[in-house]
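Below is one structure, written out as structure tokens; comments come after it.
The values are calculated or read from the model by the stated rules, or taken from the named source; none is laboratory data. Only a predicted model underlies this, so the values are computations on that prediction, with no experimental measurement involved. For neighbour counting, all protein chains shown are included, and Cβ atoms are generated from backbone atoms with ideal geometry for every residue, glycine included.
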Amino acid sequence: MTSVMSWPIQRRSFPQRGHGRSAVGTLIGFGTRGRWGGAGFRRVGCWRWTGINNEFCALFTRNRDEGSPTFLGLNFLRQSQLNIGRKEVAGIDFEATCQLPLADLGAREWGDVLFRVFGTRVFKLDDQPNADDPDFVNPELREIRRPLWVVNSNIRWTWKDLTLNYSLTFLGKQAMDDVEIETAEETFVNPYADRYYIHDAAASYQVTKGLMVYGGVNNLTGLDPIGTSTSYPVDPRGRMFFLGITSRL
């Protein structure tokens, strides 16, 4: 019997890419999540950054033809990339694997069983998107696609040319789509989605050295996506069966 366990603790802080120095758009300013966007960020940056000869002012030019209907409008905007904020993440990744030959339990010639559990527990997920206000922090943990817990488990039995596989994915509590976690309970009566337990099963059989047949079912219990999402965390078509053949020459 062999087993491996690991519990790496991770705390990360990394730059966040902005929308780039985009050639599209009018003055956008702040959105509902405090993010800058497109040409608006460049123009506001030119006006507000320290000094009049900062890097943003050289990124666009204006129409200086007084007879033009677009006089003083933008006629050129350079596009590039600029880090305008950062994200800070803290959490634990964990994994445990155990491979058990059934012969060790007295079941000779019955193959091996592999058990595996791995996942992530997130403690902090903060977005700092505004270069003009470094103290502005937008917490994102428990918003949609950002649950506290994501745990995957898997059991695989292999006997000669036959393999059976079962997997279970657990997603912890998270808010509905377009819900800000800071004001979720104040704004909505029920802002949270149910916890998800997603079951999948599959089987494969190696008919010959170059031919394998396989099949299975995803989303065994027929769960629906989160109410305001079209395809997360499961396919909107519900329970999905599949069958296939793999051939190698």
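So here's what we get for this one:
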| read-out | value |
| --- | --- |
| Scope segment 137-147; condition within 13 Å of the chain's Cα centre (by Cα) and surrounded by 15 or more Cβ atoms within 10 Å (Cβ to Cβ); matching residues | Glu140, Leu141, Arg142, Glu143, Ile144, Arg146, Pro147 |
| Residue, surrounded by the most Cβ atoms within 10 Å (Cβ to Cβ), within segment 196-249, restricted to residues that are within 23 Å of Leu171 (Cβ to Cβ) and among the aromatic types (Phe, Trp, Tyr) | Tyr196 |
| Residue identified as farther than 30 Å from Gln174 by Cα and free of Cβ contacts under 8 Å to residues at least 24 places away in the same chain among Leu114, Leu59, Leu100, Leu105 | Leu105 |
| Contacts under 7 angstrom Cβ, first residue in segment 122-144 being free of Cβ contacts under 8 Å to residues at least 24 places away in the same chain, partner part of a strand (DSSP E or B), 6 or more apart | Pro134/Gln128; Val137/Asp126; Val137/Gln128 |
| Test: Ala201 is modelled with pLDDT of 95 or more and either within 24 Å of Gly91 (Cα to Cα) or among the aliphatic types (A, V, I, L, M) (or both) | yes |
| The listed residue being assigned by TED's automatic domain parsing to the domain that holds Leu141, of a type outside the set (Asp, Glu) and touching a helix residue (DSSP H, G or I) at 6+ places or on another chain (Cβ under 6 Å), out of Ala201, Ala184, Ala175, Ala193 | Ala175 |
| Residue in segment 145-160 that is within 19 Å of Ser204 (Cβ to Cβ), in contact with a Phe, Trp or Tyr (Cβ under 6 Å, 6 or more places away or on another chain), at pLDDT 95 or above and in the same structural domain as Tyr232 (by TED's automatic domain parsing) present | yes |
| Top-ranked residue in segment 190-226 [being part of a loop (DSSP other than H, G, I, E, B) and in contact with a strand residue (DSSP E or B) (Cβ under 7 Å, 6 or more places away or on another chain); ranked as farthest from Arg145 (Cα to Cα)] | Gly210 |
